[in-house]
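Written out below as structure tokens is the structure these notes cover.
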Amino acid sequence: MQQKAASLPTFGHVFDLTRSQYVDAIDKENKHVLIIIHIFEQFVPGCDAVNGCFQCLAQDHPRVKFCRIQSSEADVSQTFTSKGLPAILAYRGGQLVANFLRITDQLGEDFFAGDLESFLVEHGLLQSKADVPTVLQALVVMVRG
């Protein structure tokens with residue numbers, strides 16, 4: 001498993017997507033890479049918190065591709081924007097593996113990266129830092145340098 005993780009690309013930052021980039025960000029990525037996308041809108045409570053958390057999580061989990069797209073750019077319905085955001089979708093191998101609508105129902109409107117990370121660990125998307133060998137944790141620190 002560690003060999004497979006070592007062969008995955010390293011990201012370490014959040015990608016801002018346009019409508020035309022959305023499908024390629026999923027379909028043209030290595031089939032083993034987990035892609036987590038935040039669909040947001042500036043005026044929706046909790047979206048700023050998720051955006052901030054993604055910045056931290058992208059650095060802490062550099063083998064996961066964190067992306068975000070504004071709902072108006074994604075051309076989703078006004079109903080989805082008002083009732084479903086902030087939304088987090090996760091893909092692997094081109095397939096949707098998880099989706100969380102209105103994540104503020106679980107986390108509230110103001111939360112920290114550790115809260116979102118725990119939520120994603122509980123749902124099997126991220127690996128707990130406790131499960132990562134100390135040597136690999138030190139490597140992440142060196143990469144972030």
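Amide H contacts for V33 (H built 1.01 Å from N in the peptide plane; partners 5 or more residues away or on another chain; cut-off under 5 Å): G93. Here's how it looks for V97: its modeled amide H is under 5 Å from those of A90, Y91, R92, which are all 5 or more places away or on a different chain. Only protein atoms count toward the accessible area here, which uses a 1.4 Å probe; on the chain, the carbon and sulfur part of that area reaches 51 percent.
When both the stretch 24-64 and the stretch 90-110 are represented by their alpha-carbon centers, they are found 10 Å apart. Above 25 Å, the calculated P(r) of the chain contains 25 percent of its Cα-Cα pairs. When a/c is below 1.5 the answer is rounded, else prolate if a/b is larger than b/c, else oblate, so apply that to the stretch 14-64 with a ≥ b ≥ c taken from the square roots of the Cα gyration tensor eigenvalues. It is oblate, given that a/c is not under 1.5 and a/b is not larger than b/c.
Here's the picture: charge each Lys and Arg Cβ at +1 and each Asp and Glu Cβ at -1 in the chain, and of V50, H13, S71 the one pushed furthest to the positive end of that dipole is H13. The residues packed around Q106, meaning those with a beta-carbon under 11 Å from its beta-carbon, carry a net charge of -2 if Lys and Arg are +1 and Asp and Glu are -1. Listed by chain and number, the aspartates and glutamates placed with their C-alpha closer than 13 angstrom to that of K83 are E41, D105; residues fewer than eight positions away on the same chain are left out. Amide hydrogen proximity for L85: with H placed 1.01 Å from N in the peptide plane, the residues at 5 or more positions away or on another chain lying under 5 Å are R102. Per residue, the solvent-accessible area of the stretch 36-95 (1.4 Å probe, heavy atoms of protein chains only, all protein chains present) comes to 39 Å².
The local environment of Q70, defined by Cβ-Cβ distances under 11 Å, has a net charge of -2 under the rule Lys, Arg +1 and Asp, Glu -1.
Packing, taken as the mean count of other beta carbons within 10 Å per residue, orders the peptides 16-25, 117-126 from highest to lowest as 117-126, 16-25.
The values are calculated or read from the model by the stated rules, or taken from the named source; none is laboratory data. Since this is a predicted model, take the numbers as computed values, not measurements. All Cβ positions, glycine included, derive from the backbone under ideal geometry; neighbour counts span all protein chains shown. When the accessible area is computed, the model is the full protein with side chains, heavy atoms only, and any ligands, DNA or RNA have been set aside. Shrake-Rupley method; radii C 1.70, N 1.55, O 1.52, S 1.80 Å.
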